[in-house]
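Input: a single structure, listed below in structure tokens.
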Amino acid sequence: MSLNYIKNFYEGCLRPPTVIGQFHTLFFGSVRMFFLGVLGFAVYGNEALHFSCDPDKRELNLYCYNQFRPITPQVFWALQLVTVLVPGAVFHLYAACKNIDQEEILQQPTYTVFYIKSVLLRIVLEVIAFWLQSHLFGFKVHPLYMCDASALEKMFNVTKCMVPEHFEKTIFLSAMYTFTIITILLCVAEIFEILCRKLGFLSQPVT
């Protein structure tokens, strides 16, 4: 029985009850994760090693880098992806435990409302992540960072630090903002698809 639950959970995650939801899974699972996993490591992988300040001392570089990056972008975006997956995973786990077929989700009002709430929660989490990203990383990576190192040693005071590959990071940052916006739009479109199906404007998807 437990294997059947796992199978239903797996199929539910890979094949949501809406067409837009299935496209969202494809977009989320392939494009966004590939972009972050492969290109993200290429752009940000050695950032701490090439981050240098004046004077170029190891302890100063580390101190200013930690000030520049309270959290590394790769960790933030990985946490964002995992967090946004949670509402859908909880719903599909519930559906698997209740032996609910994907076709039944849009037929039973209780299941439909539960599913819509999970999509709305994904939207809220994406909006929060967008806001946090804008406050942590801004919208542009500048080539110079002015570091307040007075707490480390009074002789340093405010020092200039060079940010490596700032232009590439700006492009990547813009891409991650774009992915978040696209995901939000897909979630909104999925809710509209569900409402249109309930109102009879669209036929049920072919499975």
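The values are calculated or read from the model by the stated rules, or taken from the named source; none is laboratory data. Predicted model, so just to flag it, every value in this text is computed and none were measured. Quick reminder, even Gly has a Cβ in these numbers, built from the backbone with ideal geometry, and neighbours come from all protein chains shown. Just the protein is used for accessible areas: all its heavy atoms, side chains included, with ligands, DNA and RNA removed. Shrake-Rupley method; radii C 1.70, N 1.55, O 1.52, S 1.80 Å.
Below is a table of values for the structure above.
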{"item": "Meets criteria (more than 17 Å from Lys198 (Cα to Cα), in contact (Cβ under 8 Å) with a residue 12 or more places away in the chain, assigned to a helix (DSSP H, G or I) and open to solvent by less than 60 Å² (accessible area, probe 1.4 Å)) for Val84", "result": "yes"}
{"item": "Positions within segment 133-182 being acidic (Asp, Glu) and at positive phi, in sequence order", "result": "Glu165"}
{"item": "Which listed residue, of Ile123, Ile100, is at pLDDT 90 or above and either part of a helix (DSSP H, G or I) or touching a helix residue (DSSP H, G or I) at 6+ places or on another chain (Cβ under 7 Å) (or both)", "result": "Ile123"}
{"item": "Number of positions in segment 93-133 that are polar (S, T, N, Q) and either over 26 Å from the mean Cα position of the chain (by Cα) or open to solvent by 30 Å² or more (accessible area, probe 1.4 Å) (or both)", "result": "4"}
{"item": "Per-region count, segment 134-169, residues in a strand (DSSP E or B) and either basic (Lys, Arg) or within 19 Å of the chain's Cα centre (by Cα) (or both)", "result": "1"}
{"item": "Filter pass, Gln74 being touching a Leu at 6+ places or on another chain (Cβ under 9 Å), in a helix (DSSP H, G or I) and surrounded by fewer than 19 Cβ atoms within 10 Å (Cβ to Cβ)", "result": "yes"}
{"item": "Yes/no for Tyr94 being of a type in the set (Phe, Trp, Tyr), touching a Leu at 6+ places or on another chain (Cβ under 7 Å) and at negative phi", "result": "no"}
{"item": "Cβ pairs under 8 Å, 6+ apart, first in segment 50-71 and under 16 Å from Leu136 (Cβ atoms), second open to solvent by 80 Å² or more (accessible area, probe 1.4 Å) and modelled with pLDDT under 90", "result": "none"}
{"item": "Test: residue in segment 140-152 that is at pLDDT 85 or above, open to solvent by less than 40 Å² (accessible area, probe 1.4 Å) and out of contact with any strand residue (DSSP E or B) (no Cβ under 6 Å at 6 or more places or on another chain)", "result": "yes"}
{"item": "Matching option when the condition is buried (at least 16 other Cβ atoms within 10 Å of the Cβ), in contact (Cβ under 8 Å) with a residue 60 or more places away in the chain, of a type in the set (A, V, I, L, M, F, W, C) and farther than 30 Å from Glu103 by Cα, among Met176, Met162", "result": "Met176"}
{"item": "When residues of segment 44-71 are limited to those that are touching a Leu at 6+ places or on another chain (Cβ under 7 Å) and surrounded by 20 or more Cβ atoms within 10 Å (Cβ to Cβ), the one nearest to Ser134 (Cα to Cα)", "result": "Tyr63"}
